[in-house]
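Colleague: Encoded as structure tokens, here's the structure I'll be asking about.
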Amino acid sequence: MLRRLYDWVLYWAETPYGKWALFLLAFSESSFFPIPPDVLLIALAVAVPKKSLKYALICSAGSVLGGCFGYLIGWQFMASIGRPIVNFYGLGAKVEYIGALYNKYDAWAVGIAGFTPIPYKVFTIAAGVFKINFSVFVLTSLVSRSARFFIVGGLIYIFGARIQGFIEKYFNILAVAFTVLLVLGFVAIKYLLP
């Protein structure tokens with residue numbers, strides 16, 4: 001079933017509605033849908049590398065707004081909508097753990113989930129459940145999701161279609177490496193600046 005969804009998502013890259021499909025996919029993935037928007041972003045960007053950054057912007061906007069919708073689900077509709085979504089991904093028992101991460105790391109938990117392959121939707125819903133500061137949530141989502149999509153779009157803009165295989169093969173490793181560098185950068189700023 002997941003493969004059919006994946007193929008269906010790729011189909012939209014070949015239609016004139018690709019940009020709208022990208023926005024809706026990014027929105028949906030941030031709150032409930034299983035297929036990450038990177039798949040369609042890469043397909044659209046490889047087709048027209050000069051529009052890669054525009055596609056990254058569309059993907060970022062849809063993802064952040066979808067994250068806000070996920071926050072709303074967790075804040076107001078956890079029992080009726082949020083719990084079934086979280087359970088679908090087999091992470092129902094992890095919601096309390098995610099709450100502990102929010103209490104300890106606040107924006108860092110959102111940022112890391114927003115950039116890495118961790119199911120971002122679970123974190124957006126949990127952010128609403130635990131009522132983390134909405135402004136912090138939106139700002140951190142904007143930074144992390146934009147970084148993720150603009151790196152993909154930027155690489156395709158610079159290197160063209162030949163970078164597609166590299167991104168698809170090493171995306172998880174690249175995401176983890178970037179996250180480590182991001183954390184080290186913040187640690188360095190914290191300890192090096194007076």
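Colleague: Pick out the one residue from K54, K50 that is basic (K, R) and either out of contact with any Phe, Trp or Tyr (no Cβ under 8 Å at 6 or more places or on another chain) or within 14 Å of F149 (Cα to Cα) (or both). Reasoning before the result, please.
Modeller: Working: K50 fails: either out of contact with any Phe, Trp or Tyr (no Cβ under 8 Å at 6 or more places or on another chain) or within 14 Å of F149 (Cα to Cα) (or both).
Testing whether each residue is basic (K, R) and either out of contact with any Phe, Trp or Tyr (no Cβ under 8 Å at 6 or more places or on another chain) or within 14 Å of F149 (Cα to Cα) (or both) leaves just K54.
Colleague: Filter the range 74-84 for residues that are surrounded by fewer than 23 Cβ atoms within 10 Å (Cβ to Cβ) and touching a helix residue (DSSP H, G or I) at 6+ places or on another chain (Cβ under 8 Å); which is nearest to L139 (Cα to Cα)?
Modeller: First, pick out the residues of the range 74-84 that are surrounded by fewer than 23 Cβ atoms within 10 Å (Cβ to Cβ): 75-81, 83-84.
This time we only want the ones that are touching a helix residue (DSSP H, G or I) at 6+ places or on another chain (Cβ under 8 Å), so: 75-76, 78, 81, 83.
Values: W75: 18, Q76: 21, M78: 23, I81: 25, R83: 25 Å.
Top of the filtered list is W75.
Colleague: Within the range 46-80, count every residue that is at pLDDT below 90 and within 22 Å of W8 (Cβ to Cβ).
Modeller: So the answer is 3.
Colleague: If you go through the range 70-79 one residue at a time, do you hit one that is of a type outside the set (K, R), without any contact (Cβ under 8 Å) to a residue 40 or more places away in the chain and over 18 Å from F33 (Cβ atoms)?
Modeller: Taking every residue of the range 70-79 in turn, at least one turns out to be of a type outside the set (K, R), without any contact (Cβ under 8 Å) to a residue 40 or more places away in the chain and over 18 Å from F33 (Cβ atoms).
Colleague: Another question about this same structure. Report yes if some residue within the range 107-117 is out of contact with any helix residue (DSSP H, G or I) (no Cβ under 7 Å at 6 or more places or on another chain), open to solvent by 30 Å² or more (accessible area, probe 1.4 Å), at pLDDT 90 or above and assigned to a helix (DSSP H, G or I); otherwise report no. Can you show your working first?
Modeller: Keep residues of the range 107-117 that are out of contact with any helix residue (DSSP H, G or I) (no Cβ under 7 Å at 6 or more places or on another chain), which gives 108.
Applying the additional criterion that residues be open to solvent by 30 Å² or more (accessible area, probe 1.4 Å) yields 108.
Keeping just the survivors that are at pLDDT 90 or above gives none.
Taking every residue of the range 107-117 in turn, none turns out to be out of contact with any helix residue (DSSP H, G or I) (no Cβ under 7 Å at 6 or more places or on another chain), open to solvent by 30 Å² or more (accessible area, probe 1.4 Å), at pLDDT 90 or above and assigned to a helix (DSSP H, G or I).
Colleague: Those residues that are exposed (fewer than 12 other Cβ atoms within 10 Å of the Cβ) and either among the basic types (K, R) or at pLDDT below 80 (or both), I need them from the range 155-167; list them, please.
Modeller: Passing the criteria: R162, G165.
Colleague: If A56 satisfies every condition in (1) open to solvent by 10 Å² or more (accessible area, probe 1.4 Å); (2) part of a helix (DSSP H, G or I); (3) under 23 Å from P37 (Cα atoms) but one, which is the exception?
Modeller: Unmet condition: (1).
Colleague: Also, I was wondering about something else. Take the range 8-23 and flag every residue that is at pLDDT 75 or above and open to solvent by 40 Å² or more (accessible area, probe 1.4 Å).
Modeller: Residues satisfying the conditions are W8, Y11, W12, E14, P16, Y17, K19, W20, F23.
Colleague: Go through the range 80-98 and count every residue that is basic (K, R) and touching a residue at least 24 places away in the same chain (Cβ under 8 Å). Explain how you work it out, then say what you get.
Modeller: Looking only at the range 80-98, we keep the residues that are basic (K, R), and these are 83, 94.
Next, only the ones that are touching a residue at least 24 places away in the same chain (Cβ under 8 Å) stay: 94.
Residues that pass the stated criteria total 1.
Colleague: Checking the condition open to solvent by 60 Å² or more (accessible area, probe 1.4 Å), outside any helix (DSSP H, G or I) and out of contact with any strand residue (DSSP E or B) (no Cβ under 9 Å at 6 or more places or on another chain), which residue from F32, F69 passes?
Modeller: F32
Colleague: Moving on to the next point. Would you point out the residue of the range 139-154, among those that are open to solvent by 40 Å² or more (accessible area, probe 1.4 Å) and either within 19 Å of W75 (Cβ to Cβ) or among the acidic types (D, E) (or both), that is farthest from the chain's Cα centre (by Cα)?
Modeller: L139
Colleague: Just give me the residues in the range 85-99 being among the aliphatic types (A, V, I, L, M) and open to solvent by less than 50 Å² (accessible area, probe 1.4 Å), in sequence order. Please lay out each step first, then the result.
Modeller: Of the range 85-99, the ones among the aliphatic types (A, V, I, L, M) are 85-86, 91, 93, 95, 98.
Across the range 85-99, the qualifying residues are I85, V86, L91, V95, I98.
Colleague: Quick one: how many residues across the range 35-53 are part of a helix (DSSP H, G or I) and either buried (at least 24 other Cβ atoms within 10 Å of the Cβ) or touching a residue at least 40 places away in the same chain (Cβ under 8 Å) (or both)?
Modeller: 11
The values are calculated or read from the model by the stated rules, or taken from the named source; none is laboratory data. Treat the numbers as computed from the prediction; the structure is a model and nothing was measured. Glycine gets a Cβ as well: all are built from the backbone with ideal geometry, and neighbour counts include every protein chain shown. Keep in mind that these areas ignore ligands, DNA and RNA; they rest on the heavy atoms of the full protein, side chains included. Shrake-Rupley method; radii C 1.70, N 1.55, O 1.52, S 1.80 Å.
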